[in-house]
Each structure stands twice: as C-alpha cells, then as structure tokens.
Amino acid sequence: MVSYLAAIWQCRYFWLSLVQMDLRTRYRRSVLGVGWSLLQPAAMTVILCAVFYHLLKIDLYYFAPYLIAGLACWNYILTVTLHGCQCFHRAETYIRQYPAPLAIYPLRTALGATFHFLIALGLAIAVALAVGVAAKFRASADNRPAAAAQESAVLEVGAAASTHARLVDHPLAALYLLPAILLLAILAWSLALLAGFANSYFQDTQHLIEVGFQLVFYATPIIWPEDRLRSTAWVLQWNPVYHLVRLVRDPILHGAAPPLGTCLIGALTVALAASAASLVLARYQNRLIFRL
Amino acid sequence: MARIELDNVSLTFHVRQLGRVTLKEYVVRRMFRRSVNPYVQVEALKNVTLRVDAGDRLGILGHNGAGKSTLLKLLAGIYPPTSGRRSVQGRISSLFDIALGFEPEASGWENIAYRGYLQGETPRTIRAKMESIGAFSELGHFLDMPVRYYSAGMLVRLAFSIATAIEPEILLIDEVLSVGDLAFQQKARARMREMIGKAELVILVSHDLPSMAQLCDKVLWMDHGQVRQIGPAGEVIAAYMAHVQGNAGLVGATAAGSLPCRRLPAGREYQAVRWSVPHLPPGFYEVQAAWPARFDQAVDAPYQVFDGNQPVATVRVNQQVPPVGNVIDGVAYQSLGTYRIDSGSLQVELSNRATRDVAAASVRVVPLDRPQPLVVDDGHAGYQQEGDAWLARLVRDAFGGSVRVAPAGDGAHRARWEFVGLEPGEYDVYASWVPQEDAAADAPFHLWDGPQHRATIRINQRVAATDKFIGGVAFRHLGRWPIQSGMLRVVLTNDASGAVIADAVHVSRVQRLPAIVRTAADVLPTATLVGRAA
C-alpha cells in the first residue's frame with residue numbers, strides 16, 4: 001500500500017501536468033475562462049430560485065446558498081463518476097506503453113473535477129456571505145431585530161431554517177470545510193477508479209450510472225428544501241449522499257460544524273468507497289490491460 | 001546490475017468472440033446459463049524460460065504472431081504472466097507503440113514534458129533535455145502547435161526523439177528502426193546504436209535481420225509462442241532464414257563451405273580480393289557472390305564492381321547470414337545486381353573496409369541476353385486499373401514521372417500490368433514505387449502465369465526499393481518465376497495495411513548462358529590480392 005502510494009508520488013509530475021493540461025484545454029477556447037464552470041450552477045440556481053420562489057414562496061436568503069452548495073457537491077460526485085468511466089480508456093495508450101500505477105488515471109479525473117468543485121464552493125461561500133450581509137443590512141434598515149425581520153420574510157420555511165446562524169457571523173466555520181473537502185476528494189478518486197474498472201469490464205456501465213444517479217439526485221435534498229420531507233425523513237437518514245452534502249452545506253449555510261452523526265456516516269461512506277477501490281485495484285489492476 | 005529472468009512463463013489471453021460484454025448480457029447469461037459470446041483462449045506465450053544479463057544484446061525474431069511483441073510487453077511489465085515467474089532488476093525503458101499516447105490538444109513541447117515525466121524525468125532534468133529533443137526531431141516551429149495538427153510521420157519523429165532521450169538501464173525495443181523519411185531514418189539508426197551502446201541490457205524485436213545481426217550478439221527465435229532456438233546471432237538468424245526459405249518453397253541456401261575461401265581481417269590496412277573476368281562482349285551481366293556465413297563476419301562486406309577500371313557500384317552484403325538466391329552445385333549465390341559492361345572486362349573487388357572480417361569465396365557472372373528491359377509503366381499500354389479511388393501523383397523519382405496511389409481497402413482496387421508474347425522460360429519480376437509514410441507495409445503483388453496464379457508477394461512500400469535501377473528508378477525484385485503461357489500478369493490489390501502505390505513493373509528473362517565462375521582459388525595463385533596503404 002505504502003509502496004504503491006510512493007509509486008504514484010514518483011510519477012506526480014506526469015499526472016499533475018495532465019491535470020493542468022485538461023484544465024487549460026477546457027478553458028483555452030472560451031473568453032469567459034474559468035467563469036464557464038461557474039455559469040452552469042449559477043444559472044441553475046437563478047432558475048430554481050425563481051421557480052421555487054413563485055411556487056412555494058421560499059426564503060431566497062436561505063435558499064440561494066443552499067442550492068449552490070448542494071449543486072456544487074452533487075455535480076462533483078456526478079462528474080467524477082461519469083468521467084471516471086472513461087479514465088482508463090483515455091489513458092489506454094499510456095497503459096500499453098508504461099507500467100505506471102493505474103490509480104493515477106482516475107486521480108487525473110478526480111483532481112480535474114476537484115478544481116471545478118473548489119471554484120463552485122468559492123461561489124457558494126461568496127453568495128452565503130453576500131446574503132448574510134444583505135439580511136443584516138435589511139434588518140437594521142427596518143429597525144427591527146434580525147430574527148424578527150427574517151420571520152416576517154419567511155412564509156413557509158420552518159423556524160429552524162429562519163432563525164439559523166449565518167456564515168457571516170462565524171467566518172471561521174469555513175475551516176470545517178477543509179476536512180470535508182479532503183473526504184470528498186478521496187471519495188472522488190475512489191468513485192472514478194471504481195467507475196473506470198466497471199466500465200472497462202462492462203461497457204454499459206455509464207448508462208446504468210446515469211440512471212442510478214438520477215434516482216439518487218431526487219432522493220437527496222439538493223434542489224428541493226430539506227424540511228419539505230419531514231414525513232419521509234428516514235430516506236434522508238439512510239442516504240449517504242445526503243450526509244456528504246451536509247458536510248459541505250452546513251458550514252456554509254449555518255456557519256457551524258455538521259452534526260456528529262453526519263460526520264460519522266460521511267466518513268464511513270468514504271472509507272467504504274476507498275476500501276472497495278483498493279480491493280478492486282489490488283485484484284484487477286494487472287488484468288485491466290486485457291480489457292482495454 | 002541489470003538482469004531479466006523469466007521462469008517457465010505462460011500468457012493466455014481470454015478473448016470474447018463478439019467483442020466486449022455488457023452488464024446486461026452478463027446478468028442474462030448468469031440467469032440462463034447459456035453463452036452466445038464465449039471466451040476464446042489464445043495461448044500467446046507457452047513455457048518461456050529466459051535469462052538475460054547485463055551486457056547482453058538479445059534480438060527476438062519470428063513470424064508475425066509468434067509472440068515477439070507480447071514477450072517484450074511481458075518483460076516490460078505491461079502484461080502479467082498467467083503462470084510462471086518474471087523477475088527484473090534495473091529500470092526498464094521501452095520503445096514500442098511510441099507513436100501513440102500523445103495528448104492531442106497539447107503542443108509538441110508540452111508532450112515532450114509529459115512523456116519525459118512518464119519516463120521518470122523531473123521538471124529540472126527534462127528542461128535540460130528539451131532543446132536537444134526538439135532539435136533532434138527537426139520539427140522547428142511545429143513544436144509550438146498542438147500535436148493534433150501533426151502528420152503521422154511527424155508524430156513518429158517526435159515520439160522517437162523523446163523516447164530515445166533517456167539513458168536506459170534496460171532497453172526494450174520493438175520495430176522502431178524504420179522511422180520517418182530516409183534522412184531521419186539514418187539519424188534514428190545512429191541514435192539507436194548510441195542508445196544500445198549505452199544501455200546495460202538490450203532486447204530488440206525486429207524483422208530487419210541485417211540490423212539485428214549487427215546490433216545483437218544473442219538471438220531468440222519465437223515460434224507460436226514458444227522459444228524455438230536461442231543462441232549466437234549468426235547461427236539463429238541463419239537457421240531462421242533457412243526455415244523461412246524452406247517454407248516459401250524457394251531454393252534453399254547452402255553454406256559455401258565447400259569452396260576455397262579467403263578471410264580478410266577487418267583492420268586499418270587495406271586488403272582486398274579482386275576477381276577479374278576479361279574478354280566479355282559488351283552487354284548486361286548479372287554479378288553474383290557466394291560466401292560462407294559466420295556470425296563473426298561483417299554485415300557490410302563491400303563488393304565493388306568495375307567496368308574495366310571504372311568503378312560502377314559498391315554493394316554491401318551481410319556475411320553473417322548465408323547468400324539468398326540460386327544454388328549452383330550446392331552453393332548459394334546472391335545477386336549483386338545487373339551491370340552494363342562496355343569495356344570488355346568486368347572486375348569485382350571485395351575489401352576489408354567493413355566493420356568486421358569479410359570472407360571471399362566465389363563470384364559468378366551471368367550474361368543476360370535481353371539488353372533492353374521490359375517495362376510497363378502506370379498509364380501506359382499494358383497497364384489497367386479498377387476502382388475509382390486511384391489517384392495519379394506526379395513524382396520526380398517515379399518511373400515515367402508518375403505513380404498511382406489507392407487507399408487501403410477490401411481489395412476492390414486493382415492495378416494490373418500485362419506482358420504478352422513472352423517466350424516460355426524463367427523471368428525475373430521487378431516492381432517500382434515511391435515510398436510514402438502512409439503506404440502499406442504489406443502491399444500484395446499477385447503474379448499470374450496466364451490463368452495460373454503463381455504467387456502473392458507482399459512488399460513494404462514505406463521503404464525504398466534497392467534491387468535494381470533502370471533509368472535512375474529503383475526496382476524491387478519480386479522473385480524469379482517460370483512462365484509457360486506466354487502471358488505474365490502482375491496485379492496489385494489494395495487489401496493492405498496502408499495505401500498501395502502502383503508505378504512500373506519490369507520483367508527480364510533469365511538467360512541460361514553458361515555462367516563464368518571465379519572462386520578464391522582462382523585469384524590467389526595469380527596474386528591478384530591487392531594490398532594498398534590505408
């Protein structure tokens with residue numbers, strides 16, 4: 001295990017420069033550059049905010065950062081898995097020439113996606129801060145206590161959401177994101193690797209993953225507000241993706257650490273994925289060449 | 001110390017008849033226990049035991065599909081052995097499939113860095129080598145462009161330049177000796193030699209037997225996944241060639257062991273043996289030579305042909321392998337070409353201006369009766385073509401100034417050259433083309449004697465022909481064939497690995513005039529042994 005990681009580290013210049021090139025080619029031909037990767041979640045957020053505001057009269061001060069943070073997480077997990085399907089096929093010519101450790105190819109996919117994730121996360125933090133400041137400003141302008149001001153703005157959303165603390169009050173809470181990002185990155189690497197192997201063995205994997213992820217997407221509170229699901233909350237408790245999303249969303253939204261249970265389930269999920277990836281790697285890495 | 005050991009290694013591929021399986025198919029098959037897409041087992045390597053130590057230069061030869069490249073990839077650690085043990089000491093650098101594995105969007109310079117990193121370089125060490133790699137590739141400002149705009153030849157150049165910029169301990173090479181155009185090939189060969197000299201241990205797969213004889217001291221002959229023979233280079237190559245020629249139904253070459261022979265040691269002092277044939281009527285003569293093959297002899301033994309005192313040509317032959325050609329009284333002679341002799345005397349001189357010792361045994365001069373070569377060029381009477389994708393190209397080096405090129409396909413495109421009214425007899429058949437990089441390595445020339453199909457000869461059209469020159473255009477010998485019907489038809493089809501090129505075909509009748517033979521015994525007593533200062 002240690003020697004395998006050392007071998008990965010040895011060829012770090014190779015995969016790092018591939019990641020660098022992937023990012024550059026993706027943005028080279030666009031005027032907006034990095035902005036492109038922000039455009040999709042931003043546009044999605046604006047649309048969904050508009051829809052939900054009109055349908056459900058939802059509190060936008062709460063919902064906008066909620067949505068952006070959730071989408072950032074979800075897109076991250078989805079992209080690494082879907083792109084991961086192709087990671088070994090893209091690298092086939094390298095694999096046929098050099099016996100480099102195979103895990104570097106899903107790592108390339110994962111690192112590229114991590115970069116976009118971090119940008120989206122930055123956007124989420126910025127929106128959360130902006131919304132926090134705006135809420136305070138409005139509260140003081142109305143000459144009323146902040147909590148009361150919010151209560152009046154909230155029509156449907158529950159009290160827990162309306163009186164929550166904000167990131168702007170506890171900016172240091174952003175540090176809780178660091179372990180969360182690390183966990184998600186390990187998860188991303190594992191998912192890309194598993195998807196890559198699965199797709200090399202069964203070529204319809206990618207379609208199945210697309211269908212499966214569609215299900216998970218709607219079973220997870222990403223575009224719909226969490227507190228709408230009171231009656232079927234058990235679905236959330238057993239949905240690991242929900243906990244993974246909360247690892248990121250709680251610090252941004254509430255300026256607080258996620259609950260201990262969420263942390264444990266999140267860590268456990270990542271540990272399971274990582275072990276599965278290690279097992280698959282140990283068992284199949286020599287034989288992958290015959291499947292390309 | 002570098003070392004590679006294989007202990008009873010076998011490798012079996014499991015291939016599905018109908019390509020890759022889907023998860024759906026997998027589940028369905030598990031449920032109904034009936035497979036419509038079964039595994040086929042391919043035993044690529046069987047019980048290979050091998051030990052290569054530091055200092056060894058091992059060549060691997062064998063027919064296509066014998067397992068040469070698979071063995072090399074297994075040695076490189078790309079294929080795991082199905083059974084048996086592989087152990088390697090030392091850092092392996094490999095040169096195979098080098099034209100693949102570029103990042104199309106990245107520039108040439110960036111790709112140099114990526115490949116370099118994969119070969120174990122760091123940003124600091126690769127920066128030092130960048131300039132020399134770029135210069136060696138001769139790609140100039142193209143290196144600033146994304147490699148997806150490169151031609152196939154440019155890619156190979158770049159790949160070769162990067163791959164050979166390393167200082168390897170163990171070097172594994174697969175068929176990269178023919179890279180790019182002619183000028184670059186020579187450079188590549190020199191670079192290759194340099195690398196092979198530097199590496200502690202070299203394993204080389206090639207069909208280029210002369211190169212192999214020159215570069216390797218040991219040769220391994222693979223046959224259907226098994227080691228057929230391993231031993232000194234000259235010995236194994238000779239055995240392999242004898243086997244191949246036996247298989248092809250050609251005359252078997254016999255070592256010229258029964259002839260008197262004079263060995264000239266390679267050295268600074270010029271030594272030569274000169275055979276001279278006086279009183280020849282002006283005309284065309286084929287010159288042939290015989291020598292006893294030995295693994296420690298030169299691969300570039302120079303035979304110089306003179307018309308009177310005028311040097312006409314120097315032909316270098318590989319004396320590590322036996323001559324290939326006609327067998328006269330149990331001795332194989334190899335053609336050194338056909339020459340026009342006007343002065344009335346023909347002389348052949350074999351000198352020691354070679355990398356190793358040369359052996360002078362015998363020379364044979366065969367008068368040819370047909371001074372005017374019979375040639376049918378593309379576009380002329382006697383030439384026909386089928387298929388609509390033939391392109392005519394004007395090329396300065398081509399016979400008649402043009403060639404026809406058809407892309408690879410299913411064989412529906414044909415070029416046909418016909419020679420009618422031939423006297424029954426044996427004919428030498430030659431074809432010419434102008435090499436291009438995307439040409440087929442296996443362009444099939446089919447030879448018909450009237451309605452009778454005689455042979456299909458596959459020619460590598462990426463490299464130039466060198467067997468015979470007519471009007472400055474190079475022709476390749478397609479063999480000597482008996483023609484009974486009076487009509488010889490040569491058909492080139494496009495069922496090949498690349499574009500096929502149709503230029504001229506030339507035939508010449510083999511005249512059975514009595515040959516004039518000069519052996520070493522003929523020259524020695526009359527003191528025609530020439531000694532000159534270096």
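Laid out as a table, the results:
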read-out: Proportion of all alpha-carbon pairs of the protein assembly as shown beyond 53 Å (%); value: 33
read-out: The range B:374-509 - Rg over Rh from alpha carbon coordinates, Kirkwood radius; value: 0.93
read-out: Label point at B:V327 placed 7 Å out along Cα→Cβ; residues across the range B:215-244 whose backbone nitrogen lies under 20 Å; value: B:235-244
read-out: Neighbour net charge for A:A124 - beta-carbon separation under 15 angstrom, K R +1, D E -1; value: +2
read-out: Per-pair calculated FRET efficiency, R0 = 60 Å: A:W224 and B:V15 via Cβ, rounded to 0.05; value: 0.80
read-out: Debye intensity ratio I(q)/I(0), log10, chain A, q values 0.09, 0.12, 0.16 Å⁻¹ (C-alpha model); value: -0.49, -0.82, -1.30
read-out: Average other protein chain Cβ within 10 Å of Cβ, residues B:110-116; value: 3
read-out: Ordering of A:248-258, B:501-511 by burial proxy (mean other Cβ atoms within 10 Å per residue, highest first); value: B:501-511, A:248-258
read-out: Distance from the range B:34-94 to the range B:329-350 (C-alpha centre basis), Å; value: 45
read-out: Estimated [θ] at 222 nm from DSSP helical runs (n ≥ 4, -39500 (n - 2.57)) normalised by residues in chain B, nearest 500; value: -5500 deg cm²/dmol
read-out: Length gained when the stretch B:A455-B:L374 is fully extended (0.36 nm per residue, less Cα-Cα span); value: 27.1 nm
read-out: Label point at A:L175 placed 7 Å out along Cα→Cβ; residues across the range A:250-269 whose backbone nitrogen lies under 18 Å; value: A:250-259
read-out: Cα-centred dipole magnitude for the range B:382-464, charges only on beta-carbon of K, R (+1) and D, E (-1), debye, nearest 20; value: 200
read-out: Sequence-distant residues sharing a close amide H with B:A54 (under 5 Å, placed H); value: B:A2
read-out: Net +/- balance of residues flanking B:V376 in space, Cβ distance below 12 Å, scoring K and R +1, D and E -1; value: -2
read-out: Span-rule helices in chain A, defined as complete DSSP H runs reaching 24 Å or more along the axis (Cα) with Kyte mean at least 0.0; value: A:35-56, A:60-85, A:104-141, A:177-201, A:260-284
read-out: Cβ charges +1 (Lys, Arg) and -1 (Asp, Glu), total dipole of the protein assembly as shown, debye; value: 1320
read-out: Simple spin-label estimate for A:A50 and B:R393 in nanometres, 7 Å along Cα-Cβ; value: 5.8
read-out: Magnitude of the charge dipole, chain B, Cβ model with Lys/Arg +1 and Asp/Glu -1, debye to 20; value: 1120
read-out: Sites B:R85 and A:Q237 - FRET efficiency at Förster radius 56 Å, r taken between beta-carbons, to 0.05; value: 0.60
read-out: Gain upon complete extension [B:A183, B:T314; 0.36 nm per residue less C-alpha separation]; value: 45.1 nm
read-out: Positive-pole candidate from A:G84, B:A44, B:P424, dipole of the protein assembly as shown, charges at beta carbon; value: A:G84
read-out: Table column - 3J(HN,Hα) (Hz), the range B:50-66, Karplus curve with 6.51, -1.76, 1.60, x for Gly and Pro; value: 7, 9, 10, 10, 4, x, 7, 10, 9, x, 10, 10, x, 6, 4, x, 7
read-out: For B:N494, distant residues with modelled amide H under 5 Å away; value: B:G411, B:A412, B:H413
read-out: Most positive-pole-ward Cα, B:L58, B:G197, B:M222, against dipole of the range B:3-245 from beta carbon charges; value: B:M222
read-out: Counted charge near B:E5, where neighbours are those whose Cβ lies closer than 14 Å (Asp, Glu -1; Lys, Arg +1); value: +1
read-out: Sequence-distant residues sharing a close amide H with B:Y303 (under 5 Å, placed H); value: B:V315, B:R316, B:V317
read-out: Qualifying chymotrypsin sites (Phe, Trp or Tyr not before Pro) in the range A:192-292, DSSP loop, other Cβ atoms within 10 Å at most 14; value: A:W238
read-out: Cβ-based exposure ranking for B:K198, B:K46, in which fewest neighbours within 10 Å come first; value: B:K198, B:K46
read-out: Selected from B:A496, B:G411, B:I483, residue furthest toward positive end of dipole (the range B:374-509; charges at beta carbon); value: B:I483
read-out: Stretch gain in nm, segment A:Q40-A:L118, where the contour uses 0.36 nm per residue and the Cα spacing is subtracted; value: 26.6 nm
read-out: Globularity index of chain B, i.e. its alpha-carbon radius of gyration over 2.2 N^0.38 Å; value: 1.08
read-out: Using θ = phi - 60° and Karplus 6.51 cos²θ - 1.76 cosθ + 1.60, couplings along the range A:86-102 (whole Hz; Gly, Pro as x); value: 9, 4, 7, 5, 5, 9, 3, 5, 5, 4, 6, 10, 10, x, 6, x, 5
read-out: For chain A, calculated [θ]222 nm from helices alone, where every DSSP H run of n ≥ 4 adds -39500 (n - 2.57); value: -25000 deg cm²/dmol
read-out: Proxy reagent accessibility, fewest Cβ within 10 Å first, across B:E423, B:E169; value: B:E423, B:E169
read-out: Karplus-derived HN-Hα couplings along the range B:402-419 (A = 6.51, B = -1.76, C = 1.60, θ = phi - 60°), whole Hz, x at Gly and Pro; value: 8, 10, 10, 10, 10, x, 4, x, 9, x, 6, 8, 10, 10, 10, 10, 10, 10
read-out: Cα Rg, Dmax (largest Cα-Cα span) when computed across the range B:89-195, Å; value: 12.9, 40
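Read-outs: derived from the displayed coordinates by stated rules, not from any lab. All values reported here derive from a predicted model rather than from experimental measurement. Here the Cβ is made from the backbone with ideal geometry for all residues, glycine too, and neighbour counts use every protein chain on show.
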